[in-house]
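Any read-out appearing in this document is the output of simple, stated calculations on the displayed coordinates, not a laboratory observation. Quick caveat, the model's predicted, so the values are computed rather than measured. Neighbour counts are summed over all protein chains in view; Cβ atoms, including those assigned to glycine, are modelled from backbone coordinates with ideal geometry.
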Amino acid sequence: MKLLVTGSSGLIGSEVCAYFDTLGWEIHGIDNNQRAIFFGPQGDTRWNQQRLEGILKNFTHHELDIRDREGIDQLLRKLHPDAIVHTAAQPSHDRAASIPFDDFDTNAVGTLNLLEATRRHVLEAPFVFMSTNKVYGDAPNDIALRELETRWDYCDPKYCNGIAEDFSIDQSKHSLFGASKVAADVMVQEYGRYFGMKTCCLRGGCLTGPAHSGVELHGFLSYLVRCNFEGRTYKVFGYKAKQVRDNIHSLDVARFIHAFLEAPRSGEVYNIGGGKENTCSILEAFERSERLVEKKMQWQYVEQNRIGDHICYYSDLSKMRQHYPSWDISVNLDEIFQQIVDAWKKRI
């Protein structure tokens with residue numbers, strides 16, 4: 001079996017490559033280290049590309065930009081992959097505002113390039129797209145909340161298990177990043193419904209793990225732990241540092257992708273996150289990191305929250321568990337933190 005992975009040097013892309021390599025698949029990765037352009041040297045992922053080339057049995061790297069329509073079309077025609085996992089993106093909520101064309105061309109147009117090449121050359125191949133919970137904009141902030149000592153949480157019983165896939169993506173503030181991902185998300189659904197392709201959108205919460213090249217504008221837990229190690233001041237933007245996220249290990253994302261590829265569906269959407277059990281606030285993340293790093297966290301509070309940012313967000317995993325009952329979260333929050341801390345110990 002032959003798998004094509006875009007963004008193969010990133011967190012999810014590299015995890016997917018490594019996971020399917022263990023299953024004996026032939027892996028082809030597309031990556032041009034655009035993260036270093038978006039975020040500077042700290043966002044560089046060449047180290048991860050080199051790691052994959054060194055440890056995987058059957059991996060081929062393709063230095064290609066997903067905005068290159070002709071290049072993408074030629075590669076799909078040549079490779080004829082059995083499945084496509086699309087993780088490449090401009091991933092920053094904040095960075096998008098200063099590079100709107102790069103953001104939209106990467107996230108929306110790049111996705112369309114891949115979809116159309118898939119339709120032309122490998123129509124039956126399942127297509128998995130890493131979307132984002134930012135497609136819901138700031139509408140989750142309208143849910144009634146209660147303030148606890150270290151976090152916010154939902155007090156509306158409808159959301160006791162988190163946000164499900166029928167939550168509206170309309171009439172809210174998304175950030176330009178959220179808007180470009182909405183465009184891609186809807187297009188992936190449409191290619192599934194209109195052309196009968198086997199597509200799904202995975203609307204990720206905080207995707208994390210030890211392979212993350214965390215930077216201030218993207219990579220919540222990884223960057224937080226790195227700041228703790230280096231004694232760097234971590235900036236908190238609004239919400240009393242009690243904003244809540246659900247965190248899912250990249251391995252569990254790869255495991256769900258595997259489940260989908262084995263029993264693909266058309267035009268599906270899943271909210272993929274750690275669920276309620278894997279949530280933490282920024283204050284709670286500070287405490288966990290301090291305990292493991294054995295060092296006091298340096299942080300600064302900025303009253304103004306990020307535009308369109310969520311106060312509290314965690315995913316309702318019910319639909320995922322119903323459609324794919326063999327899948328569930330396998331890496332808990334304690335293990336996630338430990339792995340990230342251990343990884344930074346080696347890299348710093």
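What are the semi-axes of the equivalent ellipsoid for segment 201-283, taken as the square roots of 5 times the Cα gyration tensor eigenvalues, largest first, in whole Å?
On the way: eigenvalues 162, 41, 20 Å².
Equivalent ellipsoid of segment 201-283: 28, 14, 10 Å, largest first.
Gain in length, Arg232 to Ala97, computed as 0.36 nm per residue apart minus the alpha-carbon separation, to one decimal in nm?
Working: separation 135, 0.36 × 135 = 48.60 nm, distance 2.51 nm.
So the extension gain works out to 46.1 nm.
How long is segment 60-204 along each principal axis, judged by its Cα atoms, biggest number first, in Å?
The Cα atoms of segment 60-204 stretch 56, 34, 29 Å along their principal axes.
Within the chain, which whole H helices from DSSP have a Cα span along their axis of at least 27 Å and a mean Kyte-Doolittle hydropathy of -1.0 or more, if any? Show your work: numbers first, answer last.
On the way: long enough: 175-195 (29 Å, 0.26).
What comes out of the filter, once short or polar helices are dropped, is 175-195.
Straight-line reach from Lys134: which lysines have Cα under 17 Å away, leaving out those fewer than 8 places along the same chain?
Reachable lysines: Lys173, Lys181.
Give me the distance between the Cα centres of segment 73-130 and segment 167-216, rounded to whole Å.
Their Cα centres are 11 Å away from one another.
Would you mind checking which residues have amide H under 5 Å from Cys206's amide H? H placed 1.01 Å from N; only 5 or more apart, or other chain.
Amide H neighbours of Cys206, under 5 Å, 5+ apart: Asp246, Ile248, Gly274.
Just how large is the dipole of segment 44-189 about the Cα centre, in debye to the nearest 20, putting +1 at every Lys and Arg Cβ and -1 at every Asp and Glu Cβ? Working shown, then result.
On the way: 16 positive and 24 negative charges, 84 e Å.
Once rounded to the nearest 20, the dipole reads 400 debye.
How do Glu287, Glu15 line up, fewest other C-beta atoms within 10 Å first? Intermediate values should be presented prior to the final figure.
On the way: Glu287 14, Glu15 26.
Least crowded to most crowded, the residues run Glu287, Glu15.
Test of the criteria: in segment 100-183, which trypsin sites (Lys or Arg not before Pro) are in a DSSP loop and have at most 13 other Cβ atoms within 10 angstrom of their Cβ? Don't jump to the answer; show the numbers that get you there.
On the way: sites: Arg119, Arg120, Lys134, Arg146, Arg151, Lys158, Lys173, Lys181; in loops: Arg151, Lys173.
Filter output for segment 100-183: Lys173.
When the C-alpha atoms of segment 260-348 are aligned to their principal axes, what extent does each axis show, in angstrom, from largest down?
On the principal axes, segment 260-348 reaches 47, 34, 22 Å in Cα extent.
For segment 284-342, which trypsin sites (Lys or Arg not before Pro) pass both filters: DSSP loop (anything but H, G, I, E, B) and at most 16 other C-beta atoms within 10 Å?
On the way: sites: Arg288, Arg291, Lys295, Lys296, Arg306, Lys319, Arg321; in loops: Lys295, Lys296, Arg306.
Loop-located and lightly packed - Lys295, Lys296, Arg306.
About its Cα centre, what dipole magnitude does the chain give when the only charges are +1 on Lys and Arg Cβ and -1 on Asp and Glu Cβ, stated in debye to the nearest 20? It would help to have the intermediate numbers written out before the result.
Numbers: 40 positive and 47 negative charges, 79 e Å.
Here the size comes out at about 380 debye.
Could you pull out every one of the aspartates and glutamates with an alpha carbon less than 18 Å from that of Lys296, ignoring same-chain neighbours closer than 8 positions?
Within reach: Glu230, Glu284, Glu287, Asp342.
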